[in-house]
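The values are calculated or read from the model by the stated rules, or taken from the named source; none is laboratory data. All of these numbers come straight from a predicted model, not from anything done at the bench. Heads up, the Cβs are rebuilt from the backbone with ideal geometry, glycines too, and the neighbour counts pull from every protein chain shown.
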Amino acid sequence: MAELRLHGRPASPGLAFSKLFVLPDRSSEAAQQPSGDAAAEAGRLRRAIAQAVQELEAVSQAAAEDAREILEFQIAMLSDEALSEPALASIAEGEGASASWAAALDAQIADYESAGDEYFRARAADLQDLRDRVLNALSGRGTEAVPAGTVLVARDLQPSRFLGIAWGEGSAIALAAGSPTSHVALLARARGIPMVVGLGADVLHVASGEDAMLDGESGTLVISPDAQTETSARKRNADFSRRREMAAAYALKPAAMPGGERVAVMINAAGPEELQPLDASMCDGIGLVRSEFLFHDGAHLPDEDAQYKAYRRILDWAGDRPVTIRTLDAGGDKPVKGLTLDDEGNPFLGTRGIRLSLLKPEVFRVQLRALCRAAIHGNLKIMLPMVAVPRDLESARAHLDAVVAELQVAGVAHKRPALGIMVEVPAAAIAIDRFDADFYSIGSNDLIQYVMAAARDIATLADYADAADPAVLSLIARTVAHGRQTGREVSLCGDAASDPAIVPHLLQAGLRALSVSAASVGLVKAAIAGALPG
Amino acid sequence: MNTAGTTGNAATGSVLIAHEVGLHARPSVKLTKLAKSFASKIELGLSEAGPWIDAKSIVKVMAFKAAKGSTLHFRADGGDAAAAIAALVDLVRRDFDEGHGDG
């Protein structure tokens, strides 16, 4: 079998080689037949809840401090009658205990999943945990044992389940859904268990027992890795602890090349929450804020105030460091229900990024207003995605002019931010001198897929996605050279900058500003300093 | 922003949440535990006009999803109402005794 590569979000760093173990999805299993006796069903539910609380208390007594706090939260939720009230009401109307409990908890889970704040969204996993634990108690079935030293594959993983598993050498976690801010991700990081979340439903169709490699740094799961992948990954694994030490040593220092020349290392961010645990002195600013974090499927579009507050929190975190916020980059692989067009045959070549914003000026202008208002609180810059021709930039600039004039007339405090473009469509890179932007930021992920004509989401074409390909590097060098000649700042944000092996090529192409994932800052700085082995 | 008032057996108070992630899991556990240590009926709202929920129920407190920067309003009714309000406002003002946390 050829190797299959799945990409998700990194949740806990580290590399694991082991066999897959797929956890069966219980949520769709048929409920037991109700007895038809409401009082008996209510009694069964109360006993099952009491049993679940006892189990959690037992796990809690054996758990470490961080785990105990999470379990204490779960125990408090489960002991609160407000949680079981809707289920008991439905039992009184003739439903069975299992169905009533599942429905009541599913409603709560859906409520948390729709929360705008990622921390509250992540609590859905805690509620699923409680749902399944009580359902298991009701059915009298135990939970199946997870073999030690396997890559556990599941839709999502619940904290108490995590704590009940004997993790060992080679253990790792691969989730179809999940969040890097979940309780489980917190526990996995604390225990050094590599973990990747958001791999998508495809991961659930793999078979237990397959060989797999999970890379928690890049957020990749490779099934049936071939010899070459395995060799290079094993070599990286051998370097891993050394690299971790190097990364820690360089993380908080300004980045400089061996000759002493400074390189700005900024971070990419997808919202204010993920910044909170980080120390801003680790970076030279935020080179890319993906404003899509504000626009969730199904939810109504964020209003101006909600956006303003979110941008302001990011600026507050950054202090006087620059913060480049990309206007909504929906479409392509990031559809937003109710906003993006869903009848396009090839969404990567479709109405995405600035094209969508110009098509929906009522949405775009709200974002521009919020950005101008937030700009008085820090060093904010606006970046436009998917610019292909100068009129994309000029049309956006006209909207910005209009918004600034509106705010002026209304007497609302604001500031006009610098307006730059992402260089990710080859047309922009090739004819970069046509674009009168305040700054350029090379979006390497899309630039590579458009230059190589190889879609990012087709695993078998992954070899084409090479940031070090001469065609890609020449477009980067071209953009850097034009920026130098005309005094415009050029940076690169994209996965290429987070890859220590690619960093020397980017410096060679003339780049002196990189924006990387927060988890890669130390390694990238070490790579810039030429301090990494091999 | 901390205010408090008492009339008869009823008391009210309000306080701004400074906790990084708002009224989250650990802070909610602490808040409801503290509320339960008082005999008075204690309610929580995000505005003076309500809606009000039972401050002793963690399920309801979490369902508020109160973010950093929200103002919490408490109202209590009972023999120890004033003491309850003072203790709850103080807990929030002390940032739930935990400063930065993400749990």
Does at least one position in the range A:235-254 carry a residue that is touching a residue at least 12 places away in the same chain (Cβ under 8 Å), in the same structural domain as A:Ile325 (by TED's automatic domain parsing), charged (D, E, K, R) and touching a strand residue (DSSP E or B) at 6+ places or on another chain (Cβ under 8 Å)?
no
Conditions: (1) surrounded by fewer than 17 Cβ atoms within 10 Å (Cβ to Cβ); (2) more than 14 Å from chain B (Cβ to nearest Cβ); (3) closer than 27 Å to A:Gly443 by Cβ. A:Ala251 meets all but one. Number of the miss?
(1)
I'd like the residue in the range A:254-272 that is farther than 10 Å from A:Ala526 by Cα and among the small types (Gly, Ala, Ser) and, out of all such residues, is surrounded by the most Cβ atoms within 10 Å (Cβ to Cβ).
A:Ala269
Take the range A:254-283 and flag every residue that is within 21 Å of the chain's Cα centre (by Cα) and more than 14 Å from chain B (Cβ to nearest Cβ).
A:Val265, A:Met266, A:Ile267, A:Asn268, A:Ala269, A:Ala270, A:Met282, A:Cys283
Being in contact with a Lys or Arg (Cβ under 6 Å, 6 or more places away or on another chain), closer than 30 Å to A:Asn136 by Cβ and in contact (Cβ under 8 Å) with a residue 24 or more places away in the chain narrows A:Gly216, A:Gly192, A:Gly178, A:Gly198 down to just A:Gly198
Of the residues in the range A:126-168, those that are touching a Leu at 6+ places or on another chain (Cβ under 7 Å) and small (Gly, Ala, Ser) come to A:Ala154, A:Ser160
Can you work out which of the residues in the range A:99-127 that are of a type in the set (S, T, N, Q) and at pLDDT 90 or above is farthest from the chain's Cα centre (by Cα)?
A:Ser100
Those helices (runs of 4 or more DSSP H) completely within the range A:295-376 that have 3 or more residues that are of a type in the set (Asp, Glu), without any contact (Cβ under 8 Å) to a residue 60 or more places away in the chain and not assigned by TED's automatic domain parsing to the domain that holds A:Ala264 are none
Take the conditions more than 23 Å from A:Asp66 (Cβ to Cβ), at pLDDT below 90, in a strand (DSSP E or B) and away from every other protein chain (no Cβ under 13 Å) and apply them to B:Ala49. Does it pass?
no
Pick from A:Gln449, A:Gln408: which is modelled with pLDDT of 95 or more, more than 16 Å from A:Leu506 (Cβ to Cβ) and among the polar types (S, T, N, Q)?
A:Gln408
Return a yes/no flag: does the range A:133-140 have any residue that is buried (at least 22 other Cβ atoms within 10 Å of the Cβ), more than 14 Å from every other protein chain (Cβ to nearest Cβ), charged (D, E, K, R) and under 20 Å from A:Ala67 (Cα atoms).
yes
Going by what's in this entry, would A:Arg262 be described as within 23 Å of A:His414 (Cα to Cα) and either touching a strand residue (DSSP E or B) at 6+ places or on another chain (Cβ under 8 Å) or in the same structural domain as A:Ala374 (by TED's automatic domain parsing) (or both)?
no
Identify all residues within the range A:77-90 that are buried (at least 22 other Cβ atoms within 10 Å of the Cβ) and either facing another protein chain (nearest Cβ under 7 Å) or farther than 25 Å from A:Ala39 by Cβ (or both); write none if there are none.
A:Met77, A:Leu83
Quickly run through the range B:13-46 and pick out the residues that are at the interface with chain A (Cβ under 7 Å from one of its Cβ atoms) and modelled with pLDDT of 90 or more.
B:Val29, B:Thr32
Looking at (1) outside any loop (DSSP other than H, G, I, E, B); (2) crowded, with 19+ Cβ neighbours inside 10 Å; (3) of a type outside the set (A, V, I, L, M), find the lone condition where A:Asp106 falls short.
(2)
Among residues of the range B:54-71, those that are among the acidic types (Asp, Glu) and more than 9 Å from chain A (Cβ to nearest Cβ), counted:
0
List the number of the failed condition for A:Ser208; all other conditions in (1) more than 23 Å from A:Trp167 (Cβ to Cβ); (2) out of contact with any helix residue (DSSP H, G or I) (no Cβ under 8 Å at 6 or more places or on another chain); (3) in contact (Cβ under 8 Å) with a residue 12 or more places away in the chain; (4) among the hydroxyl-bearing types (Ser, Thr, Tyr) hold.
(1)
Suppose we filter A:Leu393, A:Leu400 for residues that are among the hydrophobic types (A, V, I, L, M, F, W, C), at pLDDT 95 or above, farther than 23 Å from A:Gly494 by Cα and touching a strand residue (DSSP E or B) at 6+ places or on another chain (Cβ under 7 Å); which single one remains?
A:Leu400
What single numbered condition from (1) out of contact with any Ser or Thr (no Cβ under 9 Å at 6 or more places or on another chain); (2) modelled with pLDDT of 80 or more fails to hold for A:Val197?
(1)
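Let's see how each residue does on (1) surrounded by fewer than 15 Cβ atoms within 10 Å (Cβ to Cβ); (2) touching a helix residue (DSSP H, G or I) at 6+ places or on another chain (Cβ under 8 Å); (3) within 30 Å of A:Ala247 (Cα to Cα):
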residue	(1), (2), (3)
A:Val389	yes, yes, no
A:Arg416	no, yes, no
A:Gly420	no, no, no
A:Tyr440	no, yes, yes
A:Ala454	no, yes, no
A:Tyr464	no, yes, yes
A:Pro470	yes, no, yes
A:Val490	no, yes, yes
A:Gly494	no, yes, yes
State whether one or more residues within the range A:293-308 are out of contact with any His (no Cβ under 7 Å at 6 or more places or on another chain), closer than 19 Å to A:Gly443 by Cα and surrounded by 15 or more Cβ atoms within 10 Å (Cβ to Cβ).
yes
